[in-house]
Structures are given as C-alpha cells and as structure tokens.
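Inspection log for the structure reproduced underneath, given as structure tokens.
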C-alpha cells in the first residue's frame, strides 16, 4: 500500500473518529458535562498536571467532542494543536490577548474584519496596547517602516473582509519573524485552501461558524498552532478567560466538516461562474475575487492558494448611488440579506456600512456589494442577479 498522504476528503471523512472497525455508531456521541469524576485523589493529581493535553479534567476545559474537532482542524490547516472557542471573534480576541500585554504595539491590515478593528480600538486600547492599521497590500519593505521595538504581533487577514485585498503572507511573515514578532492570521476565507504554517504564519484563526458548520446554525471558532510554546500561551489565555464552546456546537461542526470538501468544491465553482458573469455586465465596474484571472491579487492567490471559497465583492459603476445597490439587493429573492457566510444559502450584503479605513485603503470608485454563493444552481442565481441589475438600472435618478 502506498505511503502517500490521503486526500483532503478522505482525511475529512476519517479524522477525529474512533476508526472504521470500531464497534458503535459512525459519529462520536454527543458528550455534555461539567463535573468530571476521578477514580482516586492520586489520579486527579496526576491529571491536573496535564492541563495542556486533551484530557477530561473539567467541563470548561474540553471534552470528547471538542478534542475530536480540534484534531480535525489541526489536520486541515497543517498544524499540530488546535483550541476550540465560542466564536470566530472569540478566536481573534483570545489569540491577541495571548500574545499582547500593556505597552505592546500590534499591526493590523486596514482591511481587517470590522469586529477585530473594534476590539483593537477599544479593549486593547484600555489594556494599554497600541494598535496601528497598515495598508493591506503593503510589501515587506513598506511593512518595515511600521515595525517598532514594541511591536509584538503582526496580524494578517488575506483576503480582507468585504474588499478582498490579498496580502503577501510569506514575505510579510518573514519580515516580522526576523524581528521576533509573532505572526497571527485570520484564515477563515482560506480554510484549507491556504496552508498558513507552510507560509510563515505561527497562529491561525478561523471562524468555524462559516464553512465548517456549513448550515448557518452554530457559532464557533478555532485557534491552531504548530509550536508547543505558542499553543501553551493560547491554552493559558483560553483557561484564564473562561473561554468555552458548547459540545453541541462542536458535534454539529464535526458533522459539518465531513462534507465540507465537497461543499467547498461546488461552491467554489459556482462562485467563480457567478463572478465571471458579473464582470461581463456593464453595470459592474470590478469584481473583487482573487481567483479570477486578471483580478486584484490574483497572482498571489495563484502562487499560494489551492482553491477559493465562494465569498467575493462586486463594485458597481460610480453612477449608481448606494441606495440603488440596496434596492437591487432587496430584489434578489434567492439571496438572503445577512452578514455571515459559509452556509448552504446565498447571501448579498451592501458593504457601505461595513467598511472602516484609516490607512487610506478601500476606495474602489463605486458602491460595493458582498456576495456569498451557496449550493443553489448557479444558473438560477445568475437569473435573479440579472433581474436585480434591471432594478439597479431603473432606480429613480
């Protein structure tokens, strides 16, 4: 038998399970609990020393469903250890608190997820941590001008929320690590298409609320590392903050990842088909989808990524007011109007209220709408988008 590593869908089907020849149900049972009973005081003392391990110690410290999901996520991203937390935002904030303290300086891309920016400008500021936002498409030489003796963390998010700027992750990570700066990355868009640790990232963050869950019914996050020291800092921060994820949500996410590979493949193809159709329409100024040939960031995507998720942005011609794009979105009967993504359903969201920039980025010369393409037939989605463009064109001047 060949020693070749199994493919992604095989690994998603088998990771975090007891095995194909174990007696019992295919899926691991749901395990809820707070109190853990020990057979003896000596055994309790022995296990208490293993708080960094996947051991049953106390409910808030994780259980069988947490551990199984953590194993799958570490497998997906190429890391060694994963910590599950209550939401994607909790994964961001917990990871930042694990590596920052009073007097430290942290760098964020100007295109960063809005709630991450809010946390930086409020909670981190109150803790005496200075946050600075840099142009997301900066190169390593440009980044060097922003690095200070007090810089402790470089935060990356590629592509960026709503506007999909690609970052040169390997170059930026190398520049930061050469100065002893820890590199954190929100890899929610990349999922498994981008292998963060192979490109210099030290701590990877994902919102499992999105494609891992896949059905828009859970909130969950993951922090993955490939270094024992980094994991210890993350784990200590999780325990100190009392961060906890519901075992029910972990069970649902574990079930969701079994089909994530095939869902992603279908949604990627559908997303590209819809994006290609949109870029041919005269009402569209630009499509912000890194996987499209000729699009912004495509060269970096082609170099570093093995695929793409189905979330992208559309810039409409500047002659259309924001109100016109909102009327168009309202007319898209197959698209929900919602802020999340990664589920089976398509979504459309006007981005005018979702973009905050302080480093001069994010001006695309027209109103933006963010689309998430679900599992519907792409032909049906295109038909409704075509009707929506009619509403856009006929919007009162």
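Each label was represented as a point 7 Å from its Cα along the Cα-to-Cβ direction; for residue 317 and residue 144 these points are 4.5 nm apart. Per residue, the Cα convex hull of the stretch 181-263 amounts to 103 Å³. Gain on full extension, evaluated as 0.36 nm per residue between residue 359 and residue 382 minus their Cα-Cα distance, stands at 4.8 nm. If the segment from residue 279 to residue 236 were pulled out straight at 0.36 nm per residue, it would be longer than the present Cα-Cα gap by 10.7 nm. Taking Cα atoms only, the orientation of helix 260-279 departs from the longest principal axis of the chain by about 20 degrees. Averaging the sequence gap over all C-alpha pairs within less than 8 Å and six or more residues apart, then dividing by the number of residues, gives the stretch 261-393 a relative contact order of 30 percent. If R0 is taken as 45 Å, the Cβ-Cβ distance between residue 37 and residue 122 corresponds to a FRET efficiency of 0.60.
With the biggest extent put first, the Cα atoms of the stretch 46-204 measure 49, 35, 30 Å across the principal axes. Dividing the summed -39500 (n - 2.57) terms of all DSSP H runs of n ≥ 4 by the residue count of the chain sets its mean residue ellipticity at 222 nm at -10500 deg cm²/dmol.
Quick one: go through the stretch 282-309 and flag any residue whose amide nitrogen is under 12 Å from the point 7 Å out along the Cα-to-Cβ line of residue 269. The answer is none. The order of the peptides 361-374, 330-343 by mean Cβ neighbours within 10 Å, most packed first, is 361-374, 330-343. Secondary structure note: in the chain, about 60% of the DSSP beta bridges are antiparallel. With volume of the Cα convex hull per residue in Å³ defined as stated, name the option among [x] 170; [y] 144; [z] 160 computed from the structure displayed. Correct label is [z]. Relative intensity of the stretch 261-393 on a log10 scale, I(q)/I(0) at q = 0.10, 0.15, 0.21 Å⁻¹, equals -0.30, -0.69, -1.36, per a Debye sum over C-alpha point scatterers of equal strength in the absence of solvent. Using Cα atoms only, what is the angle between the long axis of helix 247-258 and the major principal axis of the chain, expressed in degrees (0 to 90) to the nearest 10? Tilt of helix 247-258: around 60 degrees. Report note on the peptides 11-24, 102-115, 382-395: ranked by the mean count of other C-beta atoms within 10 Å, highest first, their order is 102-115, 382-395, 11-24.
Across the chain, the mean sequence separation of Cα contacts (distance under 8 Å, 6 or more residues apart), normalised by length, yields a relative contact order of 17 percent. Highest-first packing order for the peptide set 53-62, 186-195 is 186-195, 53-62, based on the mean count of other beta carbon atoms within 10 Å.
Our estimate of slack between residue 30 and residue 178, defined as 0.36 nm per intervening residue step minus the Cα-Cα distance, is 48.8 nm.
Helix 228-241 and the longest principal axis of the Cα set of the chain meet at an angle near 90°.
None of the figures in this text is laboratory data; all of them are computed from the coordinates on show. Just so we're clear, the structure is a prediction, and the values are computed from it rather than from any experiment. Neighbour counts are summed over all protein chains in view; Cβ atoms, including those assigned to glycine, are modelled from backbone coordinates with ideal geometry.
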